[in-house]
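Below you'll find the structure, written out as structure tokens, and then a few comments.
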Amino acid sequence: MDATVAQRNDALVQLLRDLVAIDSVNPYFPGGRGEAEIASYVADYCAGLGLPVRRQEILPGRPNVTAELIVPGATRTLLLDSHLDTVSLDQMGPAGLRPTIRDGVLTGRGACDTKASLAAMLTALTALARNPAGLGCNVLFLGSVDEEYLMRGAEAFARSGVHVDAAIVGEPTCLEIVVAHKGFVRWRLHTLGRAAHSSDPGLGDNAIYQMADLIRLLRAELDPRYRQRVHPLVGPATWSVGKIAGGSSVNIVPDSCTIEIDRRLLPGERSADALAEFDAVIAEICQRQPGLRVRREEPFADVAGLETPASAPIVRALEVACGTVRGEAKITGVPYGTNASKFAAAGITCVVFGPGDVARAHTADEFVPLDEVVAAAAIYEAAARAF
Ligand SMILES: [Zn+2]
């Protein structure tokens, strides 16, 4: 390895260490400090490259950061997006903010999701800013807030009307080119009963029992249907009950019970259709189960899936870049959702690509192999040059 490459790799590792050490837990998680500090760090970094930097406050104290490398004469713009927030520190504890390196692997909260992508994108931006010769497109970097909850940073950017031709969204994909992923729709469902003294429960109508029955009947009806609805790159449609709450006291028959449902949408599947199907199944169950009373709320989250043609120029550019840097390129799909849904909804052609394995994201043992981070930086740079 020549000295320049070694220096550049050292700088990248130091950058990743710095980013992981900054607490940027999404405030959706209790005690989360938000993206203010990391946004300042990233803005200062980009300003240091001599690029025009903008902060746009999306939520109080939570700005998106953009920096643009403008290439004279270029008519197209490539977006490099990486979210700034992480999930909670709970499982890792305070050690999650003290990155460690062992056997070529960096461990810490956000290591792979998605500060490795962030560090690699900033490193690519640095190389491009220092040597823009031959670059045929403008490169717009976006550090976005709130990906780990409602993706409001990406949504605000997509709605802002900024003209972008294609986007690479940085998430842990093991350096595979993700052209398809699922979306999701989430909502609350209530069963309604009648309260009574628990010493004579027959006088009441137990909403928790109603919910237990309802979940069992929904599973029997929906699970086989969804299992058969399979997309070749992302697998089957799914649903999952992630939260349940009911009753107020052990000595009162509960009059209400609530669940939260996470329905994963296949690319091209509309949330309205998924909800209509759900409603129809519930209506049919209620006919069979007289006395069951169910109320559905409107969704509190609704994000479409992603499907980008493999022939799109940004996919081809990443293929060329992966081939040059690693000698191989793989196109694939993943089940989890990303900011790409928000950009795609605004007509931007998107791919998801980054170092690390999503299986490590959100876990007590989040890490990223440093050789993948180094490769990712070279691939982002090469993809911009090939786009
Ligand atoms: Zn992520």
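The values are calculated or read from the model by the stated rules, or taken from the named source; none is laboratory data. Keep in mind the model is a prediction, meaning the values are calculated, not measured. With ideal geometry, Cβ positions are generated from the backbone for all residues, glycine too; neighbour counts draw on all protein chains shown.
Could you list all residues from the range 50-73 that are on the phi < 0 side of the Ramachandran plot and at pLDDT below 95? Spell out the reasoning first.
Here is the first cut: in the range 50-73, the ones on the phi < 0 side of the Ramachandran plot are 51-60, 62-72.
Hit for the range 50-73 is Pro72, nothing else.
Quick test of your reading of the structure: Gly134 fulfils all but one of (1) in a strand (DSSP E or B); (2) at pLDDT below 95. Name the failing condition by number.
Evaluating Gly134 over (1) in a strand (DSSP E or B); (2) at pLDDT below 95 leaves (1) as the failure.
If you take the residues in the range 201-247 that are touching a residue at least 24 places away in the same chain (Cβ under 8 Å) and of a type in the set (Asp, Glu), which one is farthest from Val281 (Cα to Cα)?
Filtering first and then ranking leaves Asp205.
A quick yes/no check of all residues on (1) in contact with a helix residue (DSSP H, G or I) (Cβ under 7 Å, 6 or more places away or on another chain); (2) exposed (fewer than 14 other Cβ atoms within 10 Å of the Cβ); (3) among the β-branched types (Val, Ile, Thr); (4) touching a residue at least 60 places away in the same chain (Cβ under 8 Å):
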position: Ser24; (1), (2), (3), (4): yes, no, no, yes
position: Gly32; (1), (2), (3), (4): no, no, no, no
position: Ser40; (1), (2), (3), (4): no, no, no, no
position: Pro52; (1), (2), (3), (4): no, yes, no, no
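Quick one: Ala11 ticks every box in (1) within 24 Å of Pro99 (Cα to Cα); (2) among the aliphatic types (A, V, I, L, M); (3) within 16 Å of the ligand (Cβ to nearest atom) bar one, so which box is it?
Here Ala11 clears every test but (3).
If we keep just the residues of the range 335-348 that are in contact with a Lys or Arg (Cβ under 8 Å, 6 or more places away or on another chain) and within 16 Å of the ligand (Cβ to nearest atom), which is farthest from Arg227 (Cα to Cα)?
Among those residues, the one meeting the criterion is Gly337.
In the range 149-173, which residue that is acidic (Asp, Glu) and surrounded by fewer than 24 Cβ atoms within 10 Å (Cβ to Cβ) is nearest to Leu84 (Cα to Cα)?
Among residues in the range 149-173 that are acidic (Asp, Glu) and surrounded by fewer than 24 Cβ atoms within 10 Å (Cβ to Cβ), the one nearest to Leu84 (Cα to Cα) is Glu155.
Need at least 3 residues that are within 16 Å of the ligand (Cβ to nearest atom) and closer than 30 Å to Ala364 by Cβ per element, so show me which strands (runs of 3 or more DSSP E) inside the range 29-114 make the cut, counting only ones lying wholly within it.
Fully inside the range 29-114 and qualifying: 77-83.
Conditions first: (1) away from the ligand (no atom under 16 Å from the Cβ); (2) surrounded by fewer than 22 Cβ atoms within 10 Å (Cβ to Cβ). Arg263 passes all but one, so which condition is the exception?
Of (1) away from the ligand (no atom under 16 Å from the Cβ); (2) surrounded by fewer than 22 Cβ atoms within 10 Å (Cβ to Cβ), only one is false for Arg263: (2).
Given the options Ala111, Ala74, name the one that is closer than 22 Å to Val164 by Cβ and in contact (Cβ under 8 Å) with a residue 60 or more places away in the chain.
Among Ala111, Ala74, only Ala74 is closer than 22 Å to Val164 by Cβ and in contact (Cβ under 8 Å) with a residue 60 or more places away in the chain.
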